[in-house]
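See structure below.
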Amino acid sequence: MTEILIRPKNTTKRTGIGCGIIAVLLFVLAAIAILVGFYQNFEANYFIIGATFFAFGVLGIALGLGLFIKGRQVDKMVSGEDLIAGWEYLIDENGQPNKGYVYVGTKGFYFNGLYVSWSQKCVLQKVLYTPGTPPTIDFYYTRIGSYKSGNHSAQHLTRFAVPSDKTDEAAKVVRYYQTAFRGQNR
């Protein structure tokens, strides 16, 4: 089992919970404003304020739920349930002193707070191991989205530094994804 010394503390799950709590407070404020509107002989301004608080509460619930679900995916990876490999490093991919962590799972990676998950909107193209000082793993992927002008896609490269004592784990990551690509006839 991979031993990770750094555990991320501020995942999107916590942010999602915070959004949910704020949404509940907004719902309470909406109810208070609407009740005051009734008390003030159906004063329209209070109803408008209540409706605004309610709308922001719904938005907070939607945002919080999305973030919570992403956070659960990160938690699964970090806990080892979906983990292929993970390590901390003291020298970054540019050879500079920098402390950080990497978790690579079957459904994406978590790199110093950045969570990328594979989906129809984020398609992994290839994974390469590059020897050097320090050695690196390169994830090439395409993000697909839409703008006012129509659909677009953007190529991305995320490079992780691999500590010299973790090259076996890096090789395990590359083997996993090469096998997955063969199974999908890429």
- Query: In a shell of Cβ-Cβ distance under 12 Å around Asp138, excluding Asp138 itself, what net charge do Lys and Arg (+1) and Asp and Glu (-1) give?
  - Reply: +1
- Measure nothing fancy, just the Cα-based angle from helix 167-183's long axis to the longest principal axis of the chain, in degrees from 0 to 90, nearest 10. 80 degrees
- Message: Can you give me the angle between helix 12-39 and the longest principal axis of the chain, using Cα atoms only, in degrees from 0 to 90, rounded to the nearest 10?
- Response: 10 degrees
- Query: Using alpha carbons only, how many degrees (0 to 90, rounded to 10) separate the axis of helix 44-79 from the longest principal axis of the chain?
  - Reply: 20 degrees
- Query: Straight-line reach from Lys13: which aspartates and glutamates have Cα under 14 Å away, leaving out those fewer than 8 places along the same chain?
  - Reply: Asp75
- Query: If we count every other residue with Cβ under 14 angstrom of His156's Cβ, Lys/Arg +1 and Asp/Glu -1, where does the sum land?
  - Reply: +3
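Mind scanning Lys70/Lys121; Lys76/Lys166; Lys99/Lys121; Lys70/Lys107 and naming the pairs with a C-alpha gap bigger than 19 Å?
Too far apart for the 19 Å limit: Lys76/Lys166; Lys99/Lys121.
Read-outs: derived from the displayed coordinates by stated rules, not from any lab. Note that the structure is a prediction, hence the values are computed from the model and not measured. For neighbour counting, all protein chains shown are included, and Cβ atoms are generated from backbone atoms with ideal geometry for every residue, glycine included.
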